[in-house]
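The values are calculated or read from the model by the stated rules, or taken from the named source; none is laboratory data. As the structure is a computational prediction, the values presented were derived from the model and not from experiment. Note that we place each Cβ from the backbone using ideal geometry, even for glycine, and neighbour counts take in every protein chain shown.
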Amino acid sequence: QQQVKQSPQSLIVQKGGIPIINCAYENTAFDYFPWYQQFPGKGPALLIAIRPDVSEKKEGRFTISFNKSAKQFSLHIMDSQPGDSATYFCAAQGSARQLTFGSGTQLTVLP
Amino acid sequence: GAGVSQTPSNKVTEKGKYVELRCDPISGHTALYWYRQSLGQGPEFLIYFQGTGAADDSGLPNDRFFAVRPEGSVSTLKIQRTERGDSAMYLCASSLFSNTGELFFGEGSRLTVL
C-alpha cells in the first residue's frame, strides 16, 4: 500500500530527446506527488510537484502527467540537455506526511 | 546558512561503535525529517519531527536508532552498536510546514561501518 513503483531504472537519450519516467502507486490516500532530482554526492532537490486534482503541470522543460484513475504519473523532460543527467525520484505523500520515494531512474543525456 | 546543513559529511566507524549525525535545518522550518538512502535506492523514511516532538518514528529500523530535536531546531540521529548493514547515506530534510512535500534536503552524512 505504501510503495511507489518507478521505471525505468536507467535511461539514455540524445540531447534534445524527451525522456519519460513513469511511477505507479497503490495508496489512494496519497495527495501530493513531487519529483526530485539528485546529482552525485548531493541531496535530492525538488523539481516539480502535482496534486491529484489536475492532470498535467508544466514548469519550464519539465512536465508531470497524472492519471488518477490508473494511479500513475510520469515526468517528461522536453529538449533534454547533458546537464539534466542525474537520478530522478518520484515520491508520494499522504496523511502520514512522510514522503514515500520510488527507487529512482538514472538519466544520461548524451551530447 | 541558507540550506540544510549536515555533519559530518563522512563518518567511518567500526562495528559496535556509537555514532551521532547532526542536522541543522533551514531557519524557521518546523518540520524535520531523517531518511536513509542505500546505493542505487530511493530515500527511506526514518523519523519525522514537528517542532520538538517526534510525530512519526515508524521508519526507525530497530531500537538501536534514536533521534532527538530538543529545542525544535537542530536534530541528532543516534545509532548505537553499529552494524555493517547500517552503512548508508543518512539524509536530513526540513520544510516550513508539514502539509506539503516541499522538503529541502541536506547533502547527507555518509556512514561506513567496517
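Numbers below:
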{"read-out": "Residues located in region B:1-17, provided they are among the hydrophobic types (A, V, I, L, M, F, W, C) and not in a loop (DSSP other than H, G, I, E, B)", "value": "B:V12"}
{"read-out": "Residue list for region B:18-44, filter: surrounded by 13 or more Cβ atoms within 10 Å (Cβ to Cβ) and either assigned to a loop (DSSP other than H, G, I, E, B) or without any contact (Cβ under 8 Å) to a residue 12 or more places away in the chain (or both)", "value": "B:P25, B:I26, B:H29, B:T30, B:Q41, B:G42, B:P43"}
{"read-out": "Matching entry among B:F66, B:F45 (being in contact with a strand residue (DSSP E or B) (Cβ under 8 Å, 6 or more places away or on another chain) and more than 14 Å from chain A (Cβ to nearest Cβ))", "value": "B:F66"}
{"read-out": "Single unsatisfied condition, B:F97 versus (1) modelled with pLDDT of 95 or more; (2) within 14 Å of another protein chain (Cβ to nearest Cβ); (3) out of contact with any Leu (no Cβ under 8 Å at 6 or more places or on another chain)", "value": "(1)"}
{"read-out": "Failed criterion for B:T7 (all others in (1) surrounded by fewer than 17 Cβ atoms within 10 Å (Cβ to Cβ); (2) among the polar types (S, T, N, Q); (3) over 23 Å from A:P40 (Cβ atoms); (4) away from every other protein chain (no Cβ under 13 Å) hold)", "value": "(3)"}
{"read-out": "In region B:63-114, the residues that are of a type in the set (D, E, K, R) and over 14 Å from B:I47 (Cβ atoms)", "value": "B:E71, B:R81, B:E83, B:R84, B:D86, B:E102, B:E107, B:R110"}
{"read-out": "Which listed residue, of A:F101, A:F73, is within 26 Å of B:S109 (Cβ to Cβ), under 10 Å from the mean Cα position of the chain (by Cα) and crowded, with 18+ Cβ neighbours inside 10 Å", "value": "A:F101"}
{"read-out": "Criterion violated by B:D57 - all others in (1) in contact (Cβ under 8 Å) with a residue 12 or more places away in the chain; (2) surrounded by 15 or more Cβ atoms within 10 Å (Cβ to Cβ) satisfied", "value": "(1)"}
{"read-out": "Entirely in region B:48-114, the strands (runs of 3 or more DSSP E) that have 1 or more residues that are over 21 Å from A:A96 (Cα atoms) and β-branched (V, I, T)", "value": "B:75-79, B:109-113"}
{"read-out": "Of all residues making up region A:33-69, the number that are of a type in the set (A, V, I, L, M, F, W, C) and touching a residue at least 40 places away in the same chain (Cβ under 8 Å)", "value": "4"}
